[in-house]
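**Student:** My questions all concern the structure below.
Each value in this text was obtained by applying a stated rule to the coordinates, not by laboratory testing. Remember, predicted model here, so these are calculated numbers, not experimental data.
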Amino acid sequence: MAKRIGVLALQGDFAAHTTVLRDLGAEVREVRVPADLEGLDGLIIPGGESTTMTLGIEREGLAEPLRAFVQDGGAVLGTCAGMIMLDRAHLGLADWTCRRNAFGRQVRSFEADLTLPGIAGDPVRAVFIRAPWVESHGDGVEVLAEVEGHVVAARQDRMLAVSFHPELTGESRIHAAWLQTI
Ligand code: GLN
């Protein structure tokens, strides 16, 4: 049976994620209100702008339902702003704190080749757009990749987060590996 995956669609580049997920055979639903979370196996929190996304979550009353979704065993993939949304200062689900726009001011965007555990073959071409990094984290957090000594991919329980945009480069291995864990 196809896995049912939600993509938080309040703001940001959610559409690119839905395309990758559909190509991988998932049943995809855009999530805008709490009822949209019902029956999902997993959720992607996309890149975008974390302040705007926070306001949207507040406006729609989504913070508690999102927490309940994860606490009840739902899997989450957070990319870029999604990594920020999961952190201690936002939804408080992951035991990490992000530094926003960490690689520089304004438009510091760059690409890097990353080797990630569980992703076979060529390195992942990672696109960073005003990306955060994980500034500090607790013992329960597994660091999966670093750039210049800064954490850009991490996992805790059923939460996977990357500070780059795997959905923009024709890369589907991270989504595929995440779907396998669900
Ligand atoms: N800089 C954005 C923020 O702080 C995140 C960037 C992104 O998601 N591409 O919310």
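**Student:** Scan around residue 103 for amide H atoms under 5 Å from its own, H built in the peptide plane at 1.01 Å from N, and keep only partners 5 or more places away or cross-chain.
**Tutor:** 131
**Student:** Starting at the first residue of the range 36-53, write each ³J(HN,Hα) from the Karplus equation 6.51 cos²θ - 1.76 cosθ + 1.60 with θ = phi - 60°, in whole Hz, x for Gly and Pro.
**Tutor:** Coupling constants for the range 36-53: 5, 7, 4, x, 7, 8, x, 9, 9, 9, x, x, x, 10, 5, 5, 5, 5 Hz.
**Student:** Given H placed on each backbone N at 1.01 Å, which residues far from residue 31 in sequence or on other chains put an amide H within less than 5 Å of it?
**Tutor:** Sorted by chain and number, the residues that satisfy this are 7, 8, 9.
**Student:** Next question. Check residue 164: other-chain or 5+ apart residues with amide H under 5 Å from its amide H, H built from backbone geometry?
**Tutor:** 80
**Student:** If you don't mind, there's one more thing I want to ask. Which ³J(HN,Hα) values, rounded to whole Hz and listed in residue order, are derived for the range 64-74 from phi using the Karplus coefficients 6.51, -1.76 and 1.60 in 6.51 cos²θ - 1.76 cosθ + 1.60 with θ = phi - 60°, glycine and proline given as x?
**Tutor:** 5, x, 5, 4, 5, 4, 6, 5, 8, x, x
**Student:** Let me ask something additional. Quick check on the chain: helices-only [θ] at 222 nm, where DSSP H runs of length 4 and up contribute -39,500 (n - 2.57) each and the sum goes over total residues. Nearest 500, please. Before the final figure, lay out the partial values.
**Tutor:** Values: 5 runs with 42 residues, N = 182.
Value at 222 nm, helices only, nearest 500: -6500 deg cm²/dmol.
**Student:** Still on this structure: Checking the a/c ratio against 1.5 first, then a/b against b/c, what shape does the Cα gyration tensor give for the range 44-120? Provide the component values of the computation, followed by the final result.
**Tutor:** On the way: a/c = 2.26, a/b = 1.29, b/c = 1.74.
Here the range 44-120 falls in the oblate category.
**Student:** For the chain, what is the convex hull (Cα atoms) projected area averaged across all directions, in square nanometres?
**Tutor:** Working: hull surface 37.4 nm².
Computed as one quarter of the Cα hull surface, the answer is 9.4 nm².
**Student:** Now for a different question. Quick one: of the DSSP bridges fully inside the chain, what percent are antiparallel, nearest 5? Don't skip to the end; give the middle numbers.
**Tutor:** Working: 20 of 36 bridges.
Close to 55 percent.
**Student:** Continuing with the same structure: ³J(HN,Hα) across the range 115-129 via Karplus (A = 6.51, B = -1.76, C = 1.60, θ = phi - 60°), whole Hz, x for Gly/Pro?
**Tutor:** These are the phi-based 3J(HN,Hα) values: 9, 10, x, x, 10, 7, x, 4, x, 7, 7, 9, 9, 9, 10 Hz.
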